Each structure stands twice: as C-alpha cells, then as structure tokens.
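The values are calculated or read from the model by the stated rules, or taken from the named source; none is laboratory data. Everything quoted here is computed from the prediction, not taken from an experiment. Glycine gets a Cβ as well: all are built from the backbone with ideal geometry, and neighbour counts include every protein chain shown. Only protein heavy atoms, including side chains, enter the accessible area calculation; ligands, DNA and RNA are left aside. Shrake-Rupley method; radii C 1.70, N 1.55, O 1.52, S 1.80 Å.
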Amino acid sequence: MEDQVEQVVQWLAVARTITVLTGAGVSKESGIPTFRDAMEGLWAEFDPQVLASPEGFRRNPGLVWRWYAARANQAGDVSPNPGHHALARLGELKPVSLITQNVDGLHQRAGSREVLELHGNILRHRCFDQGHPMPIERPWEVEEPPVCPQCGSLARPDVIWFGELLPVDVLERALQASQECHVMLVVGTSGLVQPAASLPHYARETGAHLIEINPDRTPLTRHVDAYLSGPAATVLPHLVAGVEQLLAKQ
Ligand code: BV8
C-alpha cells in the first residue's frame, strides 16, 4: 500500500483543485457510531431509516425528537479526530471543497471552512411545516419538540430525511465541485445513499483521480484509481504530512 500512498500524495500535491466527500466513517474515531453500526442501547430496536424520515416524525414526533437530541448531545460531547484535522490542514495547503454527508458539525469544529453539508446539521433546528429557524440550545433538555412561535408547527432537526430533497444550492455546489476537481478523496462512506453516492462517479467521468479511504471495500472500490484500506484518522494525517513535505521541497 505504501507505493499507492506515494502516488496519492503526488496527485494531491500537484492537483489544482481537490474535492473531498466524507461519510460517517470519518467521525467513527471521534466516538460517533456510523449509520450502519448496529443501533445501540435504547435505540437498538429502531430502524434509523424509519426514524430519519418525515413519516417517522409524524408518527412519533417525541421519539424522533429524543433520538436526535441524544445524537446532538453526543456530537457536542465528542471532539474532531486527527482525520478531521488533517482535512482542515489540507484545506490550508490546497484549494479543497469539502462535501459531507455527516450532520455532526465536526469538520467545522476542526477548522474546515465552507463545508457543504448535504444532509444538514443536527445542532440546528427548524419547524416542520414552514422551515422557520428555531434556535434551541440544549434540545436534550426537552422531552417533546417545542412549538414554532411563528406558525405553531413542531420543531425538527435541520437535517435531510430519507424521502426529502437535498437543499438545491448545496447539491448544485457539490455537483460542481465533483465535476471540476482534479482529485476526489472519498472517505468513510458506504456509498449507499443517493444522491451523495453518485458524486464520485461524476468526478471519475470528468477525469478526476478517484481515491477511496475506508477499512472496508464498498460498491465504489472497483471504480477508484487508488483504494487505501484503513481508518480515516490514521490514513488522512499520513497523506497530508506527505503533501506538506512535497510542497515544502518546491
Ligand atoms: C432524495 C441525515 C429525492 C439524517 C441522511 C425509495 C423511496 C424514497 C427514497 C429513495 C428510495 N430509494 C432510494 C431513495 C433515495 C434515498 C436513498 O438513497 N435511500 C438508500 C438507503 C437506498 N435517498 C433519499 O431519500 C435522499 N433524498 O433522494 O430525494 C427523492 C424524494 C422522494 C422519493 C425518491 C427520491 C435523502 C437522503 C438523505 C438521508 N439522510 N442523514 C440523519 O443523519 O439522521 S443519510 C445518513 O445515512 C447519513 O447522512 C449518511 O449519508 C448515510 C449513511 O451513509 P454513510 O455516511 O456512508 O455511513 P455508513 O454507516 O453507511 O457507512 C460508514 C462507512 O464508514 C462504511 O463504509 C465503513 O466501512 C466506514 N468506516 C468505518 N470506520 C471507519 C470507516 N471509514 C474510515 N475510517 C473509519 N475509522
């Protein structure tokens, strides 16, 4: 794998633009279980795809509210890991567009700027009917979703649920970043959720070098130019240190 790492470092160092797509695997070493990890403890009996849907919320707003509040509490309790920090550092060395499927806000806390959050952010809230922003500091302190003072509908996390459209402006910018980049890093995603899972294919079709970082192979692996098998918190710092050394020699 070392010579693959060498090749990837070369590609990153000479790339005019780099796009990164991350999934839940990049937050795993911060202590946040991935979407495909078995739901643990209190939530073990529930299917995340049902809870993460408007139907699930309509059916049981309190249950869905408490699931997201618990996740927001956990996201606030954990810290970005070396993988998040490595991507923030890469963004200081090279023009990087960072697209994430994660809703935990850890890339921003690690210092990455202009993060394209395809699926929103569990630390923000809006009302269900009209999307009025609802600043709720500690959602885990209330058992039931608060009522919107403007329209009377219930508060929900500002995330994109299954069956909901992604924000058009964010998706357009993510598409553009995928089609214009010279290198795309795909880190810690099972590549199962659309339309995010299509972005690496757009990058490949427009001639980018496609690199996957994941301890497990995925449906994308057979399409990539380099597959680095390992955890993001180990592989990313190694890559960025290599880029830093190469750029220092120039
Ligand atoms: C849409 C926010 C148009 C909420 C999320 C039928 C009916 C309706 C829709 C569909 C349908 N069929 C298909 C669809 C489209 C659907 C979809 O893709 N479904 C899939 C499951 C088949 N998509 C949608 O609904 C999207 N909207 O299409 O609108 C539309 C509208 C109506 C009808 C049709 C179409 C909206 C999708 C957004 C859903 N919201 N999140 C929340 O978080 O609660 S998705 C959620 O799951 C995450 O955000 C993330 O995107 C996804 C999980 O994926 P990953 O991030 O990849 O995580 P995962 O656990 O899967 O994998 C982790 C990976 O990390 C693994 O590969 C593992 O090996 C690796 N790993 C582990 N450890 C490490 C590591 N990697 C690195 N380092 C480590 N240490």
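Worth pointing out:
Okay, residues lined up against (1) open to solvent by 10 Å² or more (accessible area, probe 1.4 Å); (2) touching a Phe, Trp or Tyr at 6+ places or on another chain (Cβ under 7 Å):
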| residue | (1), (2) |
| --- | --- |
| Ile136 | yes, no |
| Val142 | yes, no |
| Pro146 | yes, no |
| Trp161 | no, no |
| Pro167 | yes, no |
| Leu175 | yes, yes |
| Leu199 | no, no |
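- Between Leu21, Leu51, Leu12, the distinction of being over 30 Å from Glu144 (Cα atoms) and within 12 Å of the ligand (Cβ to nearest atom) belongs to Leu21 only.
- Here Pro33 meets each of (1) open to solvent by 60 Å² or more (accessible area, probe 1.4 Å); (2) under 27 Å from Ile213 (Cβ atoms) with one exception, condition (1).
- For the residues Gly120, Gly163, Gly191, the requirement of being within 16 Å of the ligand (Cβ to nearest atom), touching a residue at least 24 places away in the same chain (Cβ under 8 Å) and closer than 23 Å to Glu212 by Cβ singles out Gly191.
- Complete set of residues in segment 194-219 that are more than 16 Å from the ligand (Cβ to nearest atom) and either among the small types (Gly, Ala, Ser) or in contact (Cβ under 8 Å) with a residue 40 or more places away in the chain (or both): Ala203, Gly207, Ala208, His209
- Failed item, numbered, when Arg222 is tested on (1) basic (Lys, Arg); (2) in a helix (DSSP H, G or I); (3) touching a strand residue (DSSP E or B) at 6+ places or on another chain (Cβ under 8 Å): (3)
- Segment 45-70 - residue that is touching a residue at least 60 places away in the same chain (Cβ under 8 Å) and among the polar types (S, T, N, Q) and, of those, least open to solvent (accessible area, probe 1.4 Å): Ser53
- Residue within segment 79-97 that is farther than 17 Å from Pro33 by Cβ, touching a Pro at 6+ places or on another chain (Cβ under 9 Å) and open to solvent by less than 40 Å² (accessible area, probe 1.4 Å) present: yes
- Here Gly131 does not fit the description of being open to solvent by less than 50 Å² (accessible area, probe 1.4 Å) and under 18 Å from the mean Cα position of the chain (by Cα).
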